[in-house]
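The values are calculated or read from the model by the stated rules, or taken from the named source; none is laboratory data. Just so we're clear, the structure is a prediction, and the values are computed from it rather than from any experiment. Note: ideal-geometry Cβ built from the backbone for every residue, glycine included; neighbour counts use all protein chains shown. Ligands, DNA and RNA are stripped out before the accessible areas are found, and what is left, the full protein with its side chains, is counted by its heavy atoms. Shrake-Rupley method; radii C 1.70, N 1.55, O 1.52, S 1.80 Å.
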Amino acid sequence: MAAQRGDVTTIRELIESGKAKATDRDEQNITPLHWAAINAQVPACRYLLEQGAEVDALGGDLVATPMQWAARNGYLYVIQLLVAHNADPNISDAQGYNTLHLVTHSSSVMPLLYLLHQPINVDSRDSQGHTSLMWAAYQGDALSVDLLLKHGANPNTKDDAGLTPLHWAVVRGNRVCIRRLVESGADISAKDGEGRTARDMAVELKSLGAWKRALEEGGMNEDGTKKGKPLSDVRCSAPVAYRKGS
């Protein structure tokens, strides 16, 4: 309870009196560091780490680390502190999620940006083959999609069902995500395990309007080809050329 509240005074008294240790676990196999991390209690986390808390302790139903607990809520300062104490962002929990996946789930841009500068594979997959880019696209998080792409995320990976990030963007119907993925080289003709392209899914899910607008805003036709210059642009330059020759 003291770790949850961030009550460093009580934690210190318990540890110094020998009544508790930083490595203790409760009946759910959860450590004080887990509880401090999920409640964003940075001073408590720091003190527990100084007292020998295991930074990558696995606990709880999802067999997750304290950093994964913090990542679910996008707690940047806790994540930074744990990384500074050598927490491993590549560890996966029982669902196959690592810290990058979980931060992406939180839709928190700053911790995502921080993690993208850590030694972690931007295209790492969860237990169903989903990458962080797929999750960001599914959530309609255009900023996260943009950050992941800028840090090398592959727009053409496929999950276990054959779905690409573009398919997942269509599921959400977010035209900004669709456009960003297409502009970054997403294969419009890629088919999932049932033979559907992203456009096929857009028709099926009644999000064809978002698909068309996304490509139109990106200067593309519905099939992803670049639009030619409008005839009006060509015409407007003719009088200038004529005047020069007169």
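Across the range 5-38, what is the total count of residues that are farther than 26 Å from VAL103 by Cα and either touching a strand residue (DSSP E or B) at 6+ places or on another chain (Cβ under 7 Å) or β-branched (Val, Ile, Thr) (or both)?
5
Looking at the range 168-183, which of the residues that are in contact with a Lys or Arg (Cβ under 9 Å, 6 or more places away or on another chain) and closer than 21 Å to LYS158 by Cβ is most open to solvent (accessible area, probe 1.4 Å)?
ARG179
Tell me, which residue of the range 70-92 that is open to solvent by 20 Å² or more (accessible area, probe 1.4 Å) and within 14 Å of SER108 (Cβ to Cβ) is nearest to the chain's Cα centre (by Cα)?
ARG72
Among the helices (runs of 4 or more DSSP H) lying completely within the range 77-140, list those that include at least 2 residues that are among the small types (Gly, Ala, Ser).
By residue number, 132-139.
Just wondering, is there one or more residues in the range 32-42 that are touching a residue at least 12 places away in the same chain (Cβ under 8 Å), open to solvent by less than 40 Å² (accessible area, probe 1.4 Å) and more than 29 Å from VAL122 (Cβ to Cβ)?
yes
Name the single residue that is farthest from the chain's Cα centre (by Cα) among those in the range 43-53 being over 17 Å from ILE79 (Cβ atoms) and surrounded by fewer than 19 Cβ atoms within 10 Å (Cβ to Cβ).
Result: GLN51.
For VAL103, are the conditions met, namely being at pLDDT 95 or above, open to solvent by less than 30 Å² (accessible area, probe 1.4 Å) and more than 24 Å from MET134 (Cα to Cα)?
No; evaluated as a whole, the condition is false for this residue.
Rundown of residues vs (1) farther than 25 Å from ASP126 by Cβ; (2) in a helix (DSSP H, G or I); (3) over 18 Å from the mean Cα position of the chain (by Cα); (4) modelled with pLDDT under 95, yes/no style:
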position	(1), (2), (3), (4)
LEU143	no, yes, no, no
LEU149	no, yes, no, no
HIS167	no, yes, no, no
MET201	no, yes, yes, no
ARG213	yes, yes, yes, no
GLU222	yes, no, yes, yes
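Is the range 159-172 home to any residue that is on the phi > 0 side of the Ramachandran plot and free of Cβ contacts under 8 Å to residues at least 40 places away in the same chain?
yes
Read through the list (1) within 27 Å of PRO119 (Cβ to Cβ); (2) surrounded by fewer than 22 Cβ atoms within 10 Å (Cβ to Cβ); (3) of a type in the set (A, V, I, L, M), then give the number of the only condition that MET67 fails.
(2)
Search the range 187-206 for residues being in contact with a helix residue (DSSP H, G or I) (Cβ under 6 Å, 6 or more places away or on another chain) and small (Gly, Ala, Ser), and hand back the single one that is surrounded by the fewest Cβ atoms within 10 Å (Cβ to Cβ).
Out of the qualifying residues, it is ALA202.
Please go through the range 169-199 and give me each residue that is of a type in the set (Lys, Arg) and either farther than 22 Å from HIS101 by Cα or not in a helix (DSSP H, G or I) (or both), ordered by number.
Within the range 169-199, the subset of a type in the set (Lys, Arg) is 172, 175, 179-180, 191, 196, 199.
Those that are of a type in the set (Lys, Arg) and either farther than 22 Å from HIS101 by Cα or not in a helix (DSSP H, G or I) (or both): ARG175, ARG179, LYS191, ARG196, ARG199.
Would you check if there is a residue in the range 114-136 being more than 19 Å from ALA169 (Cα to Cα), of a type in the set (D, E, K, R) and buried (at least 18 other Cβ atoms within 10 Å of the Cβ)? Before the answer, list the steps.
Of the residues in the range 114-136, the ones more than 19 Å from ALA169 (Cα to Cα) are 114-121, 127.
Remaining after also requiring of a type in the set (D, E, K, R): none.
Checked the range 114-136: no residue is more than 19 Å from ALA169 (Cα to Cα), of a type in the set (D, E, K, R) and buried (at least 18 other Cβ atoms within 10 Å of the Cβ).
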